[in-house]
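To start, the structure itself, in structure tokens.
None of the figures in this text is laboratory data; all of them are computed from the coordinates on show. If you're wondering where the values come from, they're calculated on a predicted model, not measured in any experiment. When we count neighbours, we look across all protein chains shown, and the Cβ atoms used for this are built from the backbone with ideal geometry, even at glycine.
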Amino acid sequence: MKKYLVIAILIAAILTMGSASAITIQVSSMKLGTSPLITGTLAGPHGGGGGCHNNTNMTELTGVLTYNGTAFTIGTTVLSFGCYNYLNQTSPYDFDGDGNIETRMNELLGLVGTSITVEGYIRCQNTRLIVFYINGVQWRTCSMVSTLL
């Protein structure tokens with residue numbers, strides 16, 4: 001499918017050049033690359049927060065939270081909890097249940113290795129979840145989505 005798209009773009013470019021020059025394209029040696037999925041706590045704007053939550057059409061995911069130093073995951077799904085600045089703010093809730101209100105990042109680190117339930121919106125061909133709720137407690141609000149992804 002990607003080859004056909006590239007060929008279509010090349011044909012369109014050739015037609016708009018207005019030249020009678022002969023151009024040879026060897027499709028068999030054409031290489032198409034993909035950029036790696038941006039992961040981790042600094043996920044950036046990739047995937048967007050489209051369709052701000054109204055508690056409908058959210059996906060719930062339950063499993064053991066893991067962290068590899070750059071990405072929080074449950075299984076193969078990357079969890080987007082927000083940008084660096086957001087994660088370094090004081091959390092409004094003791095998500096890890098240790099009796100201390102810490103930064104949002106430290107609350108998440110306290111959950112690593114435990115089974116949690118997150119709710120949010122699936123993006124990036126079902127590989128990334130933009131998290132709005134952790135264990136039923138609101139993690140972020142809709143108005144913050146555009147600045148926190």
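Figure the gain on full extension for THR141 and TYR84 (residue separation times 0.36 nm, minus the Cα-Cα span) and round it to one decimal in nm. Numbers along the way, then the final one.
On the way: separation 57, 0.36 × 57 = 20.52 nm, distance 1.67 nm.
Taking 0.36 nm per residue and subtracting the Cα distance, the gain is 18.9 nm.
Please give the charge dipole size of the stretch 59-148, origin at the Cα centre, charges +1 on K and R Cβ atoms and -1 on D and E Cβ atoms. Round to the nearest 20 debye. Could you put the intermediate results ahead of the total?
Values: 4 positive and 7 negative charges, 79 e Å.
About 380 debye.
Percentage of Cα-Cα pair distances in the stretch 59-148 greater than 21 Å, rounded to whole percent?
Working: 855 of 4005 pairs.
Of all Cα-Cα distances in the stretch 59-148, 21 percent exceed 21 Å.
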